[in-house]
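The structure under discussion appears below in the form of C-alpha cells.
The values are calculated or read from the model by the stated rules, or taken from the named source; none is laboratory data. Fair warning: this is a prediction, and the values are worked out from it, not measured in the lab. Here the Cβ is made from the backbone with ideal geometry for all residues, glycine too, and neighbour counts use every protein chain on show. The protein model used for the area step is the full one, side chains on, heavy atoms only, and it has no ligands, DNA or RNA in it. Shrake-Rupley method; radii C 1.70, N 1.55, O 1.52, S 1.80 Å.
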Amino acid sequence: MKHLHFTGRLACLLCALLLVLGLAACKGNGHPEADTSPAGTGGESDTGTPSETDKWGQEIQTPGLPEDLYYGNGESITIVTRPRTVWTREWGVDAPSDNLGYQIYARNMAVETQLGVKLKFVTRNEFTGTALSDYVYASYLADLGEMDVVCGSAYFQTAAAIKTCFTNLHDSSKVKYMDLDKVYWNQSYIDSATLYDHLYYIVGDVNLSVWDRMLVLFANVNQLEEIGEGGIMDTVLDGNWTFETMLEIIKKKPYTEIDGMEGPTDGDGYAFYSYFVSQALDGFLTAFDLHILTNEEDGSLALNIAGNQKLSDAATLIYNFYNDNEEVYGMNNSNDATMVAFVEGRAMFEVNCLYGEPSVHSSLRDMTDTYVVLPLPMYDSQQEEYFTTLQDTYNLMSIMDCSSTDQAMVSAVLELMCAKSYENVRPYYVEQHIKGVYLKEAQNVQIMELILDSVEFDPAVIYSSQLENLRNATWRPAAQKGSSIFTLYESIEESVVGALDEMLTWYMTS
C-alpha cells in the first residue's frame, strides 16, 4: 500500500490544534494522549537522540543547499500554471488577503532573497486541458525559456506526447539540489510515479491542491442525530465504517420532495448526494482497496482486471447503490451544486473534494447544522484500513529539459520552496483551512488525521492519459451503467497492453 503517511508529520500539529481548541490531545493512533513528538519517532531520532522540533511540533527539516548558494544576477525562474484560484493559490498572489496567503507570499520572498532569484508566475488557459501538450512541446522545441517549471493538471501533464520535454528528477547531475528523500516531497507519489528510476512529475508541500482534491464524505451531524446515528464518528474510529453500515444509515433517511417538481430532482432532499461521474464513482474504487494496475517488485506495472471478481462485484455494488435506492442521488449539474445542497441541508451525506471553489466551500463556515468530514467507507468488515484517493486535477510539477532552463537553479528553488512550505505554509493550511472550516468536533480531528494518512496514488490514474484512460474506460461505465467490467476490459485489452508495454519500454530504455 502506498500512503501519503501524513500522520507522522501532522500528528503533533493536529494535537496542537486540539489543545488550541481546549480539547484532549491525540497521537497518530487516535488515542487521547499527550505527546509532542513526531509520530513514528518516539520523540527520538534513529540514533537515539531527541529530534529537534519547530514551533509547530514537527521535526525540523533542513534542505541540504550550500550556504553560499546565491545567484544574484537577475536570474528568473518562470513557473507556468492554470489560471483559476484553486490552482494558483499555492503559488501566491501579490496582495494576499488572509494568513495563508501572507505565509505563501513570505515564503516566495524568502526564496528570492536567499537564492538571489526572481520568481515569475504565469497563468495559461492552455494548461487546463489537452492543449497543454501542444504548448509545452512547442516551447520545448523553440527552447526560448518561456517556462522552467510546468505546473499543470495531474491528468493532462502525464500525457505521452510531452514526457520527453521534462527532466528526470532522479538524475542528480541535472537536479543537483533536489533531495527527494526529504519529507516535504510526497514520498507516496514518488514511489507510485517512479518507473525504472525515472520520475518526470512530482508533488510536494508547495502543492496544497493535493490536499484540496482528496475525495471525502461530508456528513450532517444534526440529521444523523435525528435518526439515532449520532455516534457515527465512533463507528469510523472503531474501524466499523463499512459500505453496508453506511447503507443501513442511509435507509433510515427517506427521500424528501422539496422543489415541487415531479420526481427526484436536483432540488430535493436525499440521504446521499454526489456529482456524476467523478466524485460519485472514483472514490469508491480506492476506498474498497481495489487496484487495476499494480506495482511489481521488478519496478514494472501489471494489469489486474481480468478475473478480478472483487473488482466486478464492487462495480455492481456501486451501480445498484445509485439505481436501487431513492435516498441516493447523483447530480449531473456540477460538484459545486452538491456542496450547496449539503450546506442548505438537502443532503445528509455528500461526496466531494475537501476544498473546491473558495466562494462555495467558505459557506461551510456559516452552515447552521454541525457537520463532520469522514472517509469513504471500507468495502466490508474484512478490510482493515481506510483508503482515500484524489480527484486527478491537482497540480503536478515538472522541470523543462531544455538548454534554456538552468535545471540546477530550478532544483534549488523548488527544494527551498518546499522546505519553507513545510515550515509555515502547510501548518497554516491546517490551522486556517482544516481547523477553521472543518474541525468542529474533537473526534473529527482524529478522523481528519486518519484521512490524511490513508491517501493512495494509483499508477493507473497517474498514467491514465498514456494507458487508454484505463480506469475511466472500465470502472466508471461498470459502476455507472451496470456494464460488465470484464467485457469492457476485453474490448480494450489489446490496446491497453500495447500502451503499457510501450510506456514501460520507454522508461526502461530512456
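Summary table below
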{"read-out": "Within the range 333-355, considering residues that are among the acidic types (Asp, Glu) and within 22 Å of the chain's Cα centre (by Cα), the one most open to solvent (accessible area, probe 1.4 Å)", "value": "Asp336"}
{"read-out": "Residue list for the range 410-436, filter: open to solvent by 10 Å² or more (accessible area, probe 1.4 Å) and either on the phi > 0 side of the Ramachandran plot or more than 19 Å from the chain's Cα centre (by Cα) (or both)", "value": "Lys420, Glu423, Asn424, Gly436"}
{"read-out": "Helices (runs of 4 or more DSSP H) wholly inside the range 131-229 that include at least 2 residues being farther than 30 Å from Gly345 by Cα and without any contact (Cβ under 8 Å) to a residue 24 or more places away in the chain", "value": "131-142"}
{"read-out": "Conditions (1) under 18 Å from the mean Cα position of the chain (by Cα); (2) modelled with pLDDT under 95; (3) of a type in the set (Ser, Thr, Tyr); (4) open to solvent by less than 30 Å² (accessible area, probe 1.4 Å); number of the one not met by Tyr201", "value": "(2)"}
{"read-out": "Every pair of residues 6+ apart whose Cβ atoms lie under 8 Å, when the first sits in the range 320-343 and is within 16 Å of Leu281 (Cα to Cα) while the second is among the basic types (Lys, Arg) and surrounded by fewer than 20 Cβ atoms within 10 Å (Cβ to Cβ)", "value": "Asn325/Lys251"}
{"read-out": "Members of the range 299-338 that are in contact with a Leu (Cβ under 8 Å, 6 or more places away or on another chain) and not polar (S, T, N, Q)", "value": "Gly299, Leu301, Ala302, Leu303, Ile305, Lys310, Leu311, Ala314, Ile318, Phe321"}
{"read-out": "Members of the range 290-302 that are touching a strand residue (DSSP E or B) at 6+ places or on another chain (Cβ under 6 Å) and part of a strand (DSSP E or B)", "value": "Leu293, Thr294, Leu301, Ala302"}
{"read-out": "Test: residue in the range 295-317 that is touching a Pro at 6+ places or on another chain (Cβ under 8 Å), open to solvent by 10 Å² or more (accessible area, probe 1.4 Å) and modelled with pLDDT under 95", "value": "yes"}
{"read-out": "Glu44 under 24 Å from Leu180 (Cα atoms), of a type in the set (D, E, K, R) and at pLDDT below 85", "value": "yes"}
{"read-out": "Some residue of the range 256-272 being of a type outside the set (Val, Ile, Thr), crowded, with 22+ Cβ neighbours inside 10 Å, touching a residue at least 60 places away in the same chain (Cβ under 8 Å) and part of a loop (DSSP other than H, G, I, E, B)", "value": "no"}
{"read-out": "Filter pass, Ser465 being over 30 Å from Tyr322 (Cα atoms) and either over 22 Å from the mean Cα position of the chain (by Cα) or small (Gly, Ala, Ser) (or both)", "value": "no"}
{"read-out": "The lone exception for Asp238 - which of (1) free of Cβ contacts under 8 Å to residues at least 24 places away in the same chain; (2) under 27 Å from the mean Cα position of the chain (by Cα); (3) buried (at least 17 other Cβ atoms within 10 Å of the Cβ) it fails", "value": "(3)"}
{"read-out": "Any hit, the range 466-478, residues being of a type in the set (Ser, Thr, Tyr), under 26 Å from Tyr201 (Cβ atoms) and open to solvent by 40 Å² or more (accessible area, probe 1.4 Å)", "value": "no"}
{"read-out": "Some residue of the range 278-289 being assigned to a strand (DSSP E or B), touching a helix residue (DSSP H, G or I) at 6+ places or on another chain (Cβ under 9 Å) and within 20 Å of Phe457 (Cα to Cα)", "value": "no"}
{"read-out": "Odd one out for Leu65 among (1) in a loop (DSSP other than H, G, I, E, B); (2) at pLDDT below 95; (3) more than 22 Å from Gln157 (Cβ to Cβ); (4) not basic (Lys, Arg)", "value": "(2)"}
{"read-out": "Criterion violated by Glu90 - all others in (1) in contact with a Gly (Cβ under 9 Å, 6 or more places away or on another chain); (2) crowded, with 20+ Cβ neighbours inside 10 Å satisfied", "value": "(1)"}
{"read-out": "Some residue of the range 275-289 being farther than 30 Å from Pro358 by Cα, open to solvent by 10 Å² or more (accessible area, probe 1.4 Å) and not basic (Lys, Arg)", "value": "yes"}
